[in-house]
Amino acid sequence: MTLNIKYLGHSGFILDDGSHQVAIDPFLTGNPLATASADDIKCQHIVLTHGHADHFGDTLAIAKNNNATVIGAFELCTYCEQQGIASTEPMNPGGKITTAFGWVALTQAFHSSSYEGQYMGMPCGAVVNIGGVTIYHCGDTGLFSDMKLIGEIYQPDIACIPIGDRFTMGPELATKAAELIGAKIAIPIHYNTWPPIEQDPANFNPSGIEVKIMNPGEQWDCG
């Protein structure tokens, strides 16, 4: 296993196995915590959990700069195609596709999804297998009991879990989510970007699970 994870801030990541680079929810422009710009991102694939601007972010610019394939809900991919993105992989919750780097599965998430007032399909979580590592990015979601089933089916090594409250789970419910999922390592996301989602990550404290707090721009060799 070999995988480098770079945290872009908020809910964004770059996953790099040395041969393939995958961006997840690359929100940089307008992100007060971002340490990179869209022009800095090099990737072949972009995985989207939903259409909100703080997740869709710089997808169009990054995809065009890199001729990258966008993977996400059907409506999101249709929108990207209408904006000139040549390569997409439309999916929906419950679906799974094989990719050059491994595979991607979409799960349900309890949230909403729109972009500039346009409906963008179901909100999703994304399970990404790359470099021999399986990562469950919960997207924006409330707590739901099937997180335990998702953990049993996909057996993720790492779970990226929102803790900001108000629009997603707060630290207490996110703690329960991490325990349901059962990944060995949990990374808190979607917090402290703006005052309404300010949280102390010390309150995210699942039993028997290592919490990996990452700072924007930080990289971690996890494999």
* Global geometry of region 171-223, whether rounded, prolate or oblate, following the gyration tensor of its Cα atoms and the 1.5 cut on a/c -> oblate
* **Unit charges on C-beta of K, R, D, E only; dipole of region 106-221, Debye** => 160
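So between GLU152 and SER207, what do we pick up on full extension, going 0.36 nm a residue minus the alpha carbon distance?
On the way: separation 55, 0.36 × 55 = 19.80 nm, distance 1.75 nm.
Full-extension gain reported as 18.1 nm.
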* Could you give the size of the charge dipole of region 4-215 about its Cα centre, using +1 on the Cβ of each K and R and -1 on the Cβ of each D and E, expressed in debye and rounded to the nearest 20? => 260
* **Euclidean distance between Cα centres, region 21-58 to region 151-223, Å** => 19
* **Charge dipole of region 171-213 about the Cα centre (unit charges at C-beta), most positive-ward option of HIS190, ASN205, ALA178** => ALA178
* Just the number, please: percent antiparallel of the DSSP beta bridges in the chain, rounded to the nearest 5. => 60
* Asked: Among HIS10, THR168, ILE153, whose Cα sits farthest toward the positive end of the charge dipole of region 4-215 (+1 at Cβ of Lys/Arg, -1 at Cβ of Asp/Glu, about the Cα centre)?
  -> ILE153
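Based only on other Cβ atoms within 10 Å, what is the fewest-to-most ordering of LYS42, LYS212?
Details: LYS42 13, LYS212 17.
In order of increasing Cβ crowding within 10 Å: LYS42, LYS212.
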* Asked: Just from its helices, what would the mean residue ellipticity at 222 nm be for the chain, if runs of 4 or more DSSP H residues each count -39500 (n - 2.57) and the sum is divided by every residue, rounded to the nearest 500 deg cm²/dmol?
  -> -5000 deg cm²/dmol
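Taking neighbour Cβ counts within 10 Å as the exposure measure, how do SER114, SER207, SER11 sort from fewest upward?
Numbers: SER114 16, SER207 8, SER11 29.
The fewest-first ordering by Cβ neighbours comes to SER207, SER114, SER11.
Mind sorting GLU218, GLU179 by how few other Cβ atoms lie within 10 Å of their own Cβ, fewest first?
Numbers: GLU218 14, GLU179 17.
Fewest-to-most ranking of GLU218, GLU179: GLU218, GLU179.
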* Asked: Straight-line reach from LYS6: which lysines have a Cα under 22 Å away, not including same-chain ones fewer than 8 places off?
  -> LYS42, LYS64, LYS184, LYS212
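Over the alpha-carbon set of the chain, divide Rg by the Kirkwood Rh and report the Rg/Rh ratio to two decimals. Kindly include the intermediate steps, with their values, before the conclusion.
On the way: Rg = 15.6 Å, Rh = 16.9 Å.
Looking at the chain, the ratio lands at 0.92.
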* Asked: For the pair TRP103 and GLN219, how long in nm is the line joining their label points, each one 7 Å along Cα→Cβ?
  -> 2.9
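Where a number appears in this text, it was derived from the coordinates with a stated rule and is not lab data. The model shown is predicted, which means the values in this text are computed figures rather than measured ones. All Cβ positions, even for glycine, are placed from backbone atoms using ideal geometry, and neighbour counts span all protein chains on display.
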